[in-house]
1. Filtering region 318-344 down to residues that are touching a residue at least 40 places away in the same chain (Cβ under 8 Å) and over 20 Å from Phe136 (Cα atoms), which residue is surrounded by the most Cβ atoms within 10 Å (Cβ to Cβ)?
2. For region 160-274, please list each of the strands (runs of 3 or more DSSP E) lying entirely inside it that holds at least 2 residues being farther than 29 Å from Gly302 by Cα, of a type outside the set (Lys, Arg) and touching a helix residue (DSSP H, G or I) at 6+ places or on another chain (Cβ under 6 Å).
3. Return the residues of region 255-272 that are open to solvent by 10 Å² or more (accessible area, probe 1.4 Å) and over 22 Å from Ile306 (Cα atoms); say none if nothing qualifies.
4. Say whether the condition of being exposed (fewer than 14 other Cβ atoms within 10 Å of the Cβ), at pLDDT below 95 and under 29 Å from Gln122 (Cβ atoms) is met by at least one residue in region 70-80.
5. Among (1) at positive phi; (2) part of a loop (DSSP other than H, G, I, E, B), there is one condition Gly285 misses while meeting the rest; what is its number?
6. Out of region 33-48, which residues are open to solvent by less than 30 Å² (accessible area, probe 1.4 Å) and more than 24 Å from Val210 (Cβ to Cβ)?
7. Which of the helices (runs of 4 or more DSSP H) contained wholly in region 295-360 include at least 1 residues that are among the hydroxyl-bearing types (Ser, Thr, Tyr) and out of contact with any Leu (no Cβ under 7 Å at 6 or more places or on another chain)?
8. Among the residues of region 299-311 satisfying the criterion of being touching a Gly at 6+ places or on another chain (Cβ under 9 Å) and farther than 13 Å from Leu176 by Cβ, which is most open to solvent (accessible area, probe 1.4 Å)?
Amino acid sequence: SGSKSEVVSKDRQRLSVGYVDGKEDEPAAEQAGNAKEEDRGLMAQFDKESLLDLIEKVEAEAGDDGGARRSQRKSTLSSVTDDSTTSFANKQLQQLGDQLDAQSSGLGFTCRKGLKPESPNQDSWFVLMMDKFSMFGVFDGHGQKGHHVSNMVKDILPKLVITDARCDTQEWGLVLNDAFVKTQEIVTASDKLQKVNAQMSGTTATVAIVDKISNIVHLAHVADSTACWATKDTENGEWTCVAVTRDHKPNLKDEKARIEKAGGRVVWDGACNHRVYAKNARYPGLNMSRCLGDLLGHNQCGISCIPEIKNVDIDMEKEQRLLLCSDGVWEFLSAQDASDIVKKFSAEQAQRAADTLAKAAWDRW
């Protein structure tokens, strides 16, 4: 209803999940039952095959008609989950395929743990670089097991994209939408099989596909890991930067309507956030209206896994930059702030730009 106010303590204001009744390890009755056979099969396949393995399999099956997924060079980079709680520690990464020269590709990345002492780094990310398109993803976990959910989604989602034949005809909106939905189904199946606890843990997801044939960036996202687009004016040399995704917050008119129609409640927490609760209950306490995982929220409160899709045209006559960051950056820096920090670095210095941006956000934490 939104009329009730529940106050949270000062040190919990930034949490994606607020105070809740109930325990993380108590599965909901609605989650009982067996995982779907199709999802079990995908889980088994994805567990044993890397993203690179799947790309090579697609190429072999397609022969000379490999379409957008046929690539002479292919490189993958991704984060590796660890349980370290050292603040500002950089997350380990894994690289497969051709050696990626980040300097010549204009790519910078870093994944630093925030200040919350009780939690490991719950962010995850991946990069896939191919001849005809590239794909990038950022995932910010929340809840006690959020780092496991974000890591799982980071692995599953790009594999679902790359195994979709519609990639070859550049039907990116449909591909991304269905990949998000199927990812949620696989997370649900994994929870039922006790491979991950996603009852009250989940993750944001922002994925960008840069189509090098059409020169269009295709974005899909749930929650609040914002994508921003910076452009340099060719006349005066000034950079402008704007958010090209909207944060999925429960108090947005359309989001609130869906939540309340499903029986959920949107409640101001008395401090910083509107939060989502089940009817006559004090869980899950989410401060976002869409995400992956968070099975209680999806089943009882109208939380959605359907991504919003946005396309951005690349102007080949201008210098432009895409920034994908979790709220560890955006809670402390505006889109223009971030652009002003990284504009002093050339494309070849993108790694230094990423490191400098992360440090600027950390200094304001």
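1. Lys343
2. 239-243
3. If the condition is that a residue be open to solvent by 10 Å² or more (accessible area, probe 1.4 Å) and over 22 Å from Ile306 (Cα atoms), then Trp268, Gly270, Ala271, Cys272 are the ones that fit.
4. yes
5. Failed condition: (2).
6. Across region 33-48, the qualifying residues are Ala35, Asp39, Met43.
7. The helices (runs of 4 or more DSSP H) meeting that bar are 335-342.
8. Gln300
The values are calculated or read from the model by the stated rules, or taken from the named source; none is laboratory data. Fair warning: this is a prediction, and the values are worked out from it, not measured in the lab. Using ideal geometry, Cβ is built from the backbone for each residue, glycine included, and neighbour counts are taken over all protein chains shown. Calculation scope for accessible area: heavy atoms of the full protein, side chains included, ligands and nucleic acids excluded. Shrake-Rupley method; radii C 1.70, N 1.55, O 1.52, S 1.80 Å.
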